Amino acid sequence: MKPYPRPRYWNEPTMSWWERAYIFEVARGLFITGRVFTRNMCHWRAGRKGALTTYYPEERRADYAPLNRGKHILVQRIDGTPQCIACNLCATVCPAKVIEIEAAFNPDNPLHPKYPARFEIDYSRCVFCGLCVEACPEDAIRMLPEVPNLPALDRDHMWLGKEELMQWSPRNDGAKR
């Protein structure tokens, strides 16, 4: 049985003899790689930084977006409790479904009887879109561009709980009680 003939398209690219030889393209790629490597090594020997090197904790990459949203924080009230009222709007609007909130009830606080007993974000799946910040009616969750030690070697260490989200860079909103 004959194989099905592949259709020919009008804009199908044609390769020249030079491109079909393949070894010349490999040599060209090695030449470009060697040129970049040599240029960076000359910078290093002269005491300057390489063109693509960023010393991560001390420096911030120049190609970060100027509107980089960064890491989430939970805003605190004056008494130190989270400003979140556990309405689950941020978890509902999250496209990656990385926010998990468990609500609890406090009958002693008539102004804010509902609070999050558990508030966790899975940073291994977060896309940092900022929709959770925009959806929050209480302005309880914010994003700060300073991101210390966010990369981790294990996915289990990428889950951040309520305590870390409140203690990383504590912020108070004096206008709300």
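Using the 10 angstrom Cβ neighbour count as an exposure proxy, how do His43, His72 rank, fewest first?
Ordered by Cβ neighbours within 10 Å, fewest first: His43, His72.
For each of Leu165, Leu111, Leu74, count neighbouring Cβ atoms within 10 Å of the residue's Cβ, then give the residues from fewest to most.
Listing Leu165, Leu111, Leu74 from fewest to most nearby Cβ atoms yields Leu111, Leu165, Leu74.
What spacing in nm lies between the two simple spin-label points modelled at Asn11 and Glu134, each 7 Å away from Cα in the Cβ direction?
In this crude spin-label approximation the distance works out to 3.3 nm.
Please report, in whole Å, how far the alpha carbons of region 71-167 spread along each principal axis, starting with the longest.
42, 24, 23
Exposure proxy check: Ser16, Ser124 ranked by fewest other beta carbons within 10 Å?
Exposure proxy ranking, most exposed first: Ser16, Ser124.
If each of Glu59 and Arg39 carries a label point 7 Å out from its Cα toward its Cβ, how far apart are those two points in nm?
1.6
None of the figures in this text is laboratory data; all of them are computed from the coordinates on show. Just so we're clear, the structure is a prediction, and the values are computed from it rather than from any experiment. When we count neighbours, we look across all protein chains shown, and the Cβ atoms used for this are built from the backbone with ideal geometry, even at glycine.
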